[in-house]
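Written below as structure tokens is the structure these notes are about.
Every number here is computed from the coordinates shown, using simple stated rules; none is lab data. Quick caveat, the model's predicted, so the values are computed rather than measured. Backbone-built Cβ (ideal geometry, glycine too); neighbour counts: all protein chains shown.
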Amino acid sequence: MGVVRRERGHRAERSEPVSEPAALELGPRRFMPGQPVVMAIVNRTPDSFYDGGATYAADRAMQRVHEVVAEGADIVDIGGVKAGPGEDVSPVEEIRRVVDFVASVRTAYPDLVISVDTWRSEVGRAACEAGADLLNDAWGGVDPALAAVAAEFGAGLVCTHAGGLAPRTKPHRIGYDDVVSDVLAVTTGLAERAERAGVRRTGIVVDPGHDFGKNTWHSLEITRRLGELVATGRPVLVALSNKDFVGETLDLPVDQRLVGTLGATAVCAWQGARIFRAHHISQTRQLLAMVAAVKGDRMPLRALRGLV
């Protein structure tokens, strides 16, 4: 059952159990509690919001994989469809963009955790056959068969809160009585559904879905109260990198959001997030190492000051 936490402030007081975190098992890797995991983004799309298609070509995408692995990425997340509105991408085209590339990355890096960013079960199946270890469903389980695919192949699954929106839909005047309560209910419900489908518990991850089905105020609130999701004991993934809530908070364009992203990342790391989906790998790893050292979860690599 664990300890009991009481929340006060603008919300009604409530007591809820805090579950102890467990190991996270993805492909060949086992990540222990307190061990931050960095997920690098490699988009096989011509219209990525961040880089405008810099890794659409297979050779450029593979070069990016080499770079992020060298910088210390634990997971590479490969996507074939832009998250936001844009040109329609059929399942056949998404498979063309993603699956052969997953196979190439698997050949090059047998021990790397490979994630595929998709909401479609047919894409997930083809990706798992090619060697994917994790299915990153950013659209809230809109295709229930995706969990069954993860179970069949022994893959992990990311269960994300997307506000009930259809894939690639932007929110418009969306509202919640309590956005964090909704995130808790939806993500834990999706995780339980995945377990019933046969996905192993140690491979299930929950994501509060910053910007997905949310305005900037909502994304700031789930960042501030992320500890409530961490307290479920489920490994929490946060995808913060260069997102609109960062840009709107600081009134900055997408290519100037690194500092804001790292600030939000530090807040989430302090509260216990486990996986950090990022464009900037070395900077994110340094930040996570510093937060872990301040928390007492990691020793400094050098500590001579005042001793010599």
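Taking amide hydrogens as placed 1.01 Å from N in the peptide plane, the amide H of ILE204 sits under 5 Å from those of LEU157, each at least 5 positions away in sequence or on another chain. Calculated on the alpha-carbon coordinates, the convex hull of the chain measures out at 148 cubic angstrom per residue.
Give the separation of the Cα centroids, segment 148-167 to segment 185-201, in Å. Cα centroid of segment 148-167 versus Cα centroid of segment 185-201: 9 Å apart.
Amide H contacts of VAL113: VAL76, each under 5 Å away and 5 or more positions distant or on a separate chain (H built 1.01 Å from N in the peptide plane; Pro and chain starts excluded).
With both labels modelled 7 Å from their Cα along Cα-to-Cβ, the GLU248 to ARG224 distance reads 1.5 nm. Rounded to the nearest Hz, the phi-derived 3J(HN,Hα) couplings of segment 48-53 under the Karplus curve 6.51 cos²θ - 1.76 cosθ + 1.60 (θ = phi - 60°) are 4, 5, 8, 10, x, x, where x marks glycine and proline. Anisotropy class assigned to segment 207-308 is oblate, per the alpha carbon gyration tensor with a/c at or over the 1.5 cut-off and a/b no larger than b/c.
The HN-Hα couplings worked out from phi for segment 203-216 by the Karplus form 6.51 cos²θ - 1.76 cosθ + 1.60 (θ = phi - 60°) are x, 9, 10, 10, 9, x, x, 3, 6, 7, x, 8, 8, 4 Hz, whole numbers, x standing for Gly and Pro. One decimal place: the segment GLU67-ASP178 gains 35.9 nm when fully extended, by the rule 0.36 nm per residue minus the C-alpha distance. Annotation for segment 234-249 versus segment 55-128: alpha-carbon center distance of 20 Å.
Basic side chains Lys and Arg get +1 at the Cβ, acidic Asp and Glu get -1 at the Cβ, and with that the dipole of the chain about its Cα centre reaches some 900 debye.
Run through the DSSP bridge list for the chain and note the antiparallel percent, rounded to the nearest 5. If I count the DSSP bridges inside the chain, around 20 percent turn out antiparallel. For segment 139-150, backbone phi angles converted through the Karplus equation (6.51, -1.76, 1.60; θ = phi - 60°) give residue-by-residue couplings of 10, x, x, 4, 10, x, 5, 4, 5, 5, 5, 4 Hz, Gly and Pro being listed as x.
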